[in-house]
1. Note down the accessible area of Thr127, probe 1.4 Å, to the nearest 10 Å².
2. Given C-alpha coordinates of region 23-165, what is the ratio Rg to Rh with the Kirkwood estimate of Rh?
3. Which residues does the label zone of Ile104 cover in region 29-46, counting backbone N under 16 Å from a point 7 Å along Cα→Cβ?
4. Heads up, I need the accessible area for Val135: 1.4 angstrom probe, whole protein in place, Å², nearest 10.
5. Within a Cβ distance under 12 Å of Gly97, other residues only, what is the Lys/Arg minus Asp/Glu net charge?
6. What figure in square angstrom, to the nearest 10, would you give for the accessible area of Phe108 with a 1.4 Å probe?
Amino acid sequence: MNGFQRFAGLCGVAIASAVSAQAVVFSNVTIVSPPLSTGSSWLAIGNSISFFTPAALVGDPVAPLRSGTLNIQYDADNEVAMISNEVVITLGQVTQGSGFIAFIETIFEIDALGNEIGGPIGSISKTFVAGDSPVWSDTIEFSRQVQRFRAKKSFTMSAVDTSALDLAALAQLNQNIGIVPEPATMAGLALGGLALIRRRRR
């Protein structure tokens, strides 16, 4: 094993240790507004949380249900400051006809008791219409670093045309929380890189 391989291995161990030490704690998760929320579930792993919404469908396949709003909310807590929230949305089927999904997410800082502090620290919105890609992603950059936040999101769904194929469906939502790297971890990686450079110069 050469010096570069050893350094890469150490980097991997350091990053894995940092991620496990900084895992975000998710709580107060709610997925509401039946029947769109029926059968919904969520799964948190490390700094990510995913929501699965098998019944979030309006239009021809489930007529007469042609419109509705699905609301999802959760709190996130971490010892290390959080700086962003990546959003990845997967549609259940490509929206067709007049069908659309209007998505909006707003982030609020909260205190240790779950009270919201001031106004929003970040937000994002997107409207999905016929012809859009079934997978979309973007990142909400927070206006300040926080250790606790509440994410509120809504999906307003509509497919009201009865004269042609019309539908809108949401299948999955993934959120990946961006955190501030631990100074010790970053310093260790930097020192390792300098050592490798010196070794190569010799």
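The values are calculated or read from the model by the stated rules, or taken from the named source; none is laboratory data. All values reported here derive from a predicted model rather than from experimental measurement. Positions of Cβ are generated from backbone atoms using ideal geometry, with glycine treated the same way; all protein chains shown enter the neighbour counts. Keep in mind that these areas ignore ligands, DNA and RNA; they rest on the heavy atoms of the full protein, side chains included. Shrake-Rupley method; radii C 1.70, N 1.55, O 1.52, S 1.80 Å.
1. Ignoring ligands and nucleic acids, Thr127 comes out at about 70 Å².
2. Numbers: Rg = 16.2 Å, Rh = 16.1 Å.
Rg/Rh: 1.01.
3. Zone members listed by number: none at all.
4. Only protein atoms counted, so the area is about 80 Å².
5. Details: positive: Arg66; negative: Asp60, Asp161, Asp166.
That works out to -2.
6. Accessible surface of Phe108 is approximately 30 Å².
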